[in-house]
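The values are calculated or read from the model by the stated rules, or taken from the named source; none is laboratory data. Keep in mind the model is a prediction, meaning the values are calculated, not measured. Here the Cβ positions follow ideal geometry from the backbone for every residue, glycine too, while neighbour counts run over all protein chains shown. These accessible areas exclude ligands, DNA and RNA; they are computed on the full protein's heavy atoms, side chains included. Shrake-Rupley method; radii C 1.70, N 1.55, O 1.52, S 1.80 Å.
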Amino acid sequence: MYGDILITELNDFIFCPVSIYFHKLYGGIETRLYQSSDQINGTAAHKSVDIKQYSDRKSTLMAMDVYCERYGLIGKIDIYDIEKRILRERKKKVKTIYDGYVFQIYAQYYSLVEMGYNVDKLEIYSMDDHKTYPIPLPSVDKEMQAKFERVISDIKHFKMDTFYQTNIKKCERCIYEPSCDKSLL
C-alpha cells in the first residue's frame, strides 16, 4: 500500500516519478543546495499565502491543510474565497497550463468539497503577469477527470525498478539529474 499522496506529487509524478524519490531523499537538506532559481522564486512567491498574510478577509482561506479520503490525497490549498466560491492555485509564472497544475487544483477541489465547502470555480493564477486561467470543474471535463484518476492509480502502482525515462527534455530541466541513474543525459 502506497499511503496518502501529497497533492504536490501529482505534478511531480507527471514531470518524472523519480523526482519524488529524490525530493524525499533530499528532504532535510537546505534547499538552496539543490533547487533551481525557478523553484526558489516559486517558493518565495508563495510565502504570503503560506504564512497567511495574502489577505486579512475572514472569507479567504489560505494555506489550509486538506485531505481527500476518496482519492487518498493530502496537502494544502492556496486560496479559497468562501463568498465567491472560487478556489485559486497560484503559480509564479504560467506559460502553459500543464495537466499537473490541473490535477493539483482538482485534488484541492475534492478535498474542500469533502470538507463541506461549496466550490463553483477553479482558477490558476500567474503571479508574474497577473493572468487568471479558468479551469473547468472535473464534472464538466470528463477527459481531464479520467486522466486525473489514471495518474493517481499510476502513482499507487509505480515501480521504480521498471521505470525508464523517455523524455530527455525532462532530464535537462531536472534539478536531481546529476544524482539520477535513470537520466538520459
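When ASP78, ASP154 are compared by accessible area at a 1.4 angstrom probe, the order from most to least is ASP154, ASP78.
When the charge dipole of segment 80-136 is built from unit charges on Cβ atoms (+1 for Lys and Arg, -1 for Asp and Glu) and taken about the Cα centre, the candidate among TYR110, TYR133, ILE82 whose Cα reaches farthest toward its positive end is TYR133. Using only the alpha-carbon atoms of segment 93-185 as identical scatterers, what base-10 log of I(q)/I(0) does the Debye formula give at q = 0.15, 0.22 Å⁻¹? The calculated log intensity ratios at q = 0.15, 0.22 Å⁻¹ are -0.80, -1.15.
Evaluating 6.51 cos²θ - 1.76 cosθ + 1.60 at θ = phi - 60° for every residue in segment 117-123, the Karplus couplings come out as 8, 9, 10, 9, 9, 10, 9 Hz, glycine and proline recorded as x. Annotation: LEU137 carries an accessible surface of approximately 40 Å², with a 1.4 Å probe and no ligand, DNA or RNA atoms counted. Loop-located GluC sites (Glu not before Pro) across segment 75-179 with a Cβ neighbour count of 16 or fewer within 10 Å are GLU83, with loop assigned by DSSP. Amide H contacts of LEU6 (H built 1.01 Å from N, in plane; Pro and chain starts excluded): ILE74 sit under 5 Å, all sequence-distant by 5 or more or on other chains. Between VAL94 and MET127, ASP128, ASP129, the built amide H atoms are under 5 Å apart, and every one of these is 5 or more places off in sequence or on another chain.
Efficiency by 1/(1 + (r/R0)^6): what FRET value for ASP128 and LYS58, r their Cβ-Cβ distance, R0 = 25 Å, to the nearest 0.05? For ASP128 and LYS58, the calculated efficiency is 0.30.
Taking θ as phi - 60° and the Karplus parameters 6.51, -1.76 and 1.60, the scalar couplings of segment 147-159 work out to 5, 4, 5, 5, 5, 4, 5, 4, 5, 5, 10, 5, 10 Hz in sequence order, x denoting glycine and proline. Charge dipole (Cα centre; +1 on Lys/Arg Cβ, -1 on Asp/Glu Cβ; no other charges) of segment 93-185 amounts to roughly 180 debye. Just the protein heavy atoms count here, and of the accessible area of segment 96-140 at 1.4 Å, carbon and sulfur take up 51 percent. In order along segment 73-90, the phi-based Karplus estimate (6.51 cos²θ - 1.76 cosθ + 1.60, θ = phi - 60°) of 3J(HN,Hα) comes to 10, 9, x, 10, 8, 7, 9, 10, 8, 4, 5, 8, 6, 10, 9, 10, 9, 9 Hz; Gly and Pro are listed as x. Close amide H pairs (under 5 Å, H built 1.01 Å from N) link MET64 with ILE77, residues at least 5 positions away or on another chain.
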